[in-house]
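Asks: Following this message is one structure expressed as structure tokens.
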Amino acid sequence: MKTFLIVFGIVIAAVLLILFIFGWLLVDFTLVRKSPIFMDAFKIKKIKKTIAVPGTYPELEKKYDDYPLDERVRLMKCEMELDDDHKVLWTQGTDGKKLRAYLYDTPDTHKWIILVHGYGNNAAMMVRMFNADQNLVAKGYKVLLPDLIAHGQSDGKFVSMGYNDRLTVLKWIDEIIKMDKDASIALFGVSMGAATVMITAGEKLPPNVKCIVEDCGYTSADEQFADVIYSAAKLPKNPLIPFLNFFCKLRAGYSLYDASPIEGVKKATVPMFFVHGEEDTFVPTRMMEPLYEACPTEKEKLLIPDAIHAKANKTHPEIYWPRVWSFLEKYV
């Protein structure tokens, strides 16, 4: 009996150790900056054919020559073809973290857009994704593009799926008002950036914030992870998501259940515009409807045919942009 108890104890200890290591690595895989492996792999597949071709960008290749391929591709993508028309701004978050943003300071206007990037991206990538230096500026907006926590050159180790990022957006709203007390601000986010602005919608916003545009945001971080994990490995939501959440709280200090855009939308006080691609399987298209229904303010919605995740503005710009401009012009 004694031997059995010893063996049983060893087995239990081994199982717990394996589970602990698995949980620790699961957070590394999903929430630690630079480690989202599946996103790095996705980016490499999409862009290495152009960026990683020898001689394509010789100065950047020399600068990052000693980096591994995935890191080199990511860093080069951040810098390539970004013009010099922007200003670089720095501020400090409520937790002391340094936060960076790009600013396209269009003269003679009080109209502002805070354009918020998604998971694994940064401000520079958003400039290119939306032609912010041309498209948005040409419409007469000042455009501020923050690097969210644990992205770009902002501080932070753990991606917060929009939860702590709401504080980043609120901080930049305050910074804009300091620069321009008459600022009329629209929040505009894509993917995790859309989740961020929806969570921000539930905060007490200054009257300078006039409206919000969310493009392909998820209902909640736990639902998003559950969907991605099921799609990739056919693993059920329970008990994996509560397990991941335990280690998220242990290491990153927040709960995935708190990263809930739909709860933010329920408390919204400004008009909102919901956009999604009909062929989005990463953040499923079905997530848009409950978000739209939860919004108590003036609202609009738009489904873009044939568009996959975060590509609505590129797939049918002739549908996307007229509706976006029409919405913004009502309120900003």
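The values are calculated or read from the model by the stated rules, or taken from the named source; none is laboratory data. Owing to the predicted nature of the structure, the values given are computational and were not obtained by experimental measurement. Note: ideal-geometry Cβ built from the backbone for every residue, glycine included; neighbour counts use all protein chains shown.
Asks: Pick out, from the stretch 244-332, the helices (runs of 4 or more DSSP H) lying fully within it that include 3 or more residues that are farther than 30 Å from Asp95 by Cα.
Replies: Values: elements: 261-266, 288-294, 312-315, 317-331.
Where helices (runs of 4 or more DSSP H) fall fully within the stretch 244-332 and carry at least 3 residues being farther than 30 Å from Asp95 by Cα, they are 288-294, 312-315, 317-331.
Asks: Oh, and also: Select, from Ile241, Ile229, Ile185, Ile176, the only residue that is in contact with a helix residue (DSSP H, G or I) (Cβ under 8 Å, 6 or more places away or on another chain) and at pLDDT 95 or above.
Replies: Values: Ile241 fails: at pLDDT 95 or above; Ile229 fails: at pLDDT 95 or above; Ile176 fails: in contact with a helix residue (DSSP H, G or I) (Cβ under 8 Å, 6 or more places away or on another chain).
Among Ile241, Ile229, Ile185, Ile176, only Ile185 is in contact with a helix residue (DSSP H, G or I) (Cβ under 8 Å, 6 or more places away or on another chain) and at pLDDT 95 or above.
Asks: Right, next: Out of curiosity, is Ser231 in contact with a Ser or Thr (Cβ under 6 Å, 6 or more places away or on another chain) and among the hydroxyl-bearing types (Ser, Thr, Tyr)?
Replies: Details: in contact with a Ser or Thr (Cβ under 6 Å, 6 or more places away or on another chain): no; among the hydroxyl-bearing types (Ser, Thr, Tyr): yes.
When the stated conditions are applied, Ser231 does not pass them.
Residues checked against (1) of a type outside the set (Phe, Trp, Tyr); (2) in contact with a His (Cβ under 7 Å, 6 or more places away or on another chain); (3) surrounded by fewer than 19 Cβ atoms within 10 Å (Cβ to Cβ):
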| position | (1), (2), (3) |
| --- | --- |
| Tyr257 | no, no, yes |
| Ile262 | yes, no, no |
| Ala268 | yes, no, no |
| Val283 | yes, yes, no |
| Cys295 | yes, no, no |
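Asks: Do you know which residues across the stretch 298-319 are surrounded by fewer than 16 Cβ atoms within 10 Å (Cβ to Cβ) and either of a type in the set (Phe, Trp, Tyr) or closer than 18 Å to Gly193 by Cα (or both)?
Replies: The one that is surrounded by fewer than 16 Cβ atoms within 10 Å (Cβ to Cβ) and either of a type in the set (Phe, Trp, Tyr) or closer than 18 Å to Gly193 by Cα (or both): Lys314.
Asks: Show the residue pairs that are 6+ apart or on different chains and have beta-carbon atoms under 6 Å apart, the first residue being within the stretch 305-332 and assigned by TED's automatic domain parsing to the domain that holds Gly277, the second being in a helix (DSSP H, G or I) and of a type in the set (A, V, I, L, M).
Replies: Cβ pairs passing all conditions: Tyr320/Ala312.
Asks: In this structure, does Leu256 turn out to be touching a Cys at 6+ places or on another chain (Cβ under 9 Å) and within 21 Å of Leu167 (Cβ to Cβ)? Don't jump to the end; show me each part of the working.
Replies: Numbers: touching a Cys at 6+ places or on another chain (Cβ under 9 Å): yes; within 21 Å of Leu167 (Cβ to Cβ): yes.
Considered against the rule, which asks whether it is touching a Cys at 6+ places or on another chain (Cβ under 9 Å) and within 21 Å of Leu167 (Cβ to Cβ), Leu256 comes out as yes.
Asks: Something else now. Would you call Leu99 surrounded by 21 or more Cβ atoms within 10 Å (Cβ to Cβ), assigned to a strand (DSSP E or B) and modelled with pLDDT of 90 or more? Don't jump to the end; show me each part of the working.
Replies: Values: surrounded by 21 or more Cβ atoms within 10 Å (Cβ to Cβ): yes; assigned to a strand (DSSP E or B): yes; modelled with pLDDT of 90 or more: yes.
So Leu99 passes the test.
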